[in-house]
Amino acid sequence: MNRIFSGMQPTRQLHLGNYLGALKNWVALQKDYECVFCVVDLHAITIDHTPDVLRENIREVTAAYIAAGIDPEKNILFNQSAVPGHAELNWILACHTPLGWLNRMTQFKEKAGKHRDNAVLGLYAYPVLMAADILLYKATHVPVGEDQKQHLELARDIAGAFNRYYGKEDFFPLPEPQIMGEATRIMSLRDGTKKMSKSDESEYSRINLTDDADTIALKFRKAKTDPEPLPETVEDLEKRPEANNLVTIYAALTDSTRQQVLAQHAGSQFSGFKSALVEVAVAKLAPISAEMNRLLADKGEIDRILKRGAERAGAIADQTVAEVKDIVGLLRV
């Protein structure tokens, strides 16, 4: 049985990069895999947050999953903190994770910056929680972005170390990464060298999944470009960050490659290409925005979906935790 596990943090609004880099791929994966999709709210509290905003963000991310095409009946969809097994397995795995492995994690160094002594333990150790999230469901495959590949490698290392320590060679599968398509890394609309981010101060740097058609069109028309027409080759395109980003977005939205986009638009000025991009983006994204807003109008229904998903996830998680406790030697009475 092949099982997918993946999740997103409920921190600020989801944007086009989240959709093209993850959600769009998840929708395709649900046809061929048993899928567990999680709103990873325990990860979200490793940084400063406002409780009321966090609660609303959990619902908004859930709405985005469903609006993008994730079926909560076919798949398991829940928020992480509703299943205690995540925290339980996290502690057990933390007791099998050398500090040297965590010291190699580059993302902590980037996020903590010059204030490492003031960073919370959760931020430092959250790759172990990520490993617990995946291994709790014995997931065989994990769709990840480039920035999470190192953490998935750690999850594989932790799983292998646990299996060897207790002589249970095949207990935890070693999850395989899935990095898919042209759009694993969508960049800012204001700076083609920076990743599109929820935390960027400029609203014009990103397309939020809640943006309506007019806002989507305005942001793309204001997107930074250069004065040259579109080139004929991907090699030339990659020398021009803003042009490369817009072509990558177009390719991802139309399920094509950058070379196919260039074959159609090479020589075009950006005014014309942006008009074509706006048409495609509005057709794809405006229905998602409308459906998200419809779902968010009934928060009780979102909460019911999450509760049912947590019950289904908990049934799997409880079994794994029970098996792990028996392997480790913890007494279950």
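The values are calculated or read from the model by the stated rules, or taken from the named source; none is laboratory data. Everything numeric in this text was worked out from a predicted model, so none of it was measured. Heads up, the Cβs are rebuilt from the backbone with ideal geometry, glycines too, and the neighbour counts pull from every protein chain shown.
Points to keep in mind about this one:
- Just one of the numbered conditions (1) in a helix (DSSP H, G or I); (2) assigned by TED's automatic domain parsing to the domain that holds residue 207; (3) of a type in the set (Lys, Arg) is not true of residue 239: (1).
- Test: residue in the range 159-170 that is surrounded by fewer than 20 Cβ atoms within 10 Å (Cβ to Cβ), among the polar types (S, T, N, Q), in contact with an Asp or Glu (Cβ under 8 Å, 6 or more places away or on another chain) and under 26 Å from residue 20 (Cα atoms): no
- Residue list for the range 118-132, filter: part of a helix (DSSP H, G or I) and out of contact with any Lys or Arg (no Cβ under 8 Å at 6 or more places or on another chain): 118, 121, 122, 124, 125, 126, 127, 128, 129, 130, 131, 132
- Residue within the range 253-270 that is more than 29 Å from residue 68 (Cβ to Cβ), in contact with a Leu (Cβ under 7 Å, 6 or more places away or on another chain) and not in a loop (DSSP other than H, G, I, E, B) present: no
- Options 135, 189; residue that is assigned to a helix (DSSP H, G or I) and on the phi < 0 side of the Ramachandran plot: 135
- When the range 247-277 is filtered for residues that are surrounded by 15 or more Cβ atoms within 10 Å (Cβ to Cβ), in contact (Cβ under 8 Å) with a residue 40 or more places away in the chain and of a type outside the set (Gly, Ala, Ser), the ones remaining, listed by number, are 248, 249, 253, 257, 258, 270, 273, 274, 277.
- Number of the condition not met by residue 87 [criteria: (1) in contact with a helix residue (DSSP H, G or I) (Cβ under 8 Å, 6 or more places away or on another chain); (2) closer than 27 Å to residue 190 by Cβ; (3) part of a helix (DSSP H, G or I); (4) of a type in the set (A, V, I, L, M, F, W, C)]: (2)
- Qualifying residue in the range 79-99 (condition: more than 19 Å from the chain's Cα centre (by Cα), of a type in the set (Val, Ile, Thr) and under 24 Å from residue 29 (Cβ atoms)): yes
- Qualifying residue in the range 70-79 (condition: assigned to a helix (DSSP H, G or I) and surrounded by fewer than 20 Cβ atoms within 10 Å (Cβ to Cβ)): no
- Picking from residues in the range 185-234 that are hydrophobic (A, V, I, L, M, F, W, C) and under 21 Å from the mean Cα position of the chain (by Cα), the one that is nearest to residue 278 (Cα to Cα) is 207.
- The single condition among (1) out of contact with any Phe, Trp or Tyr (no Cβ under 6 Å at 6 or more places or on another chain); (2) within 30 Å of residue 126 (Cα to Cα); (3) touching a residue at least 12 places away in the same chain (Cβ under 8 Å) that residue 159 does not meet is (1).
- Any chance residue 185 is of a type in the set (Lys, Arg), surrounded by fewer than 22 Cβ atoms within 10 Å (Cβ to Cβ) and in contact with a strand residue (DSSP E or B) (Cβ under 9 Å, 6 or more places away or on another chain): yes
- Total residues in the range 11-32 satisfying the condition of being touching a helix residue (DSSP H, G or I) at 6+ places or on another chain (Cβ under 6 Å) and touching a residue at least 60 places away in the same chain (Cβ under 8 Å): the figure is 3.
- Condition check for residue 179: within 20 Å of the chain's Cα centre (by Cα), under 30 Å from residue 239 (Cα atoms) and not small (Gly, Ala, Ser): yes
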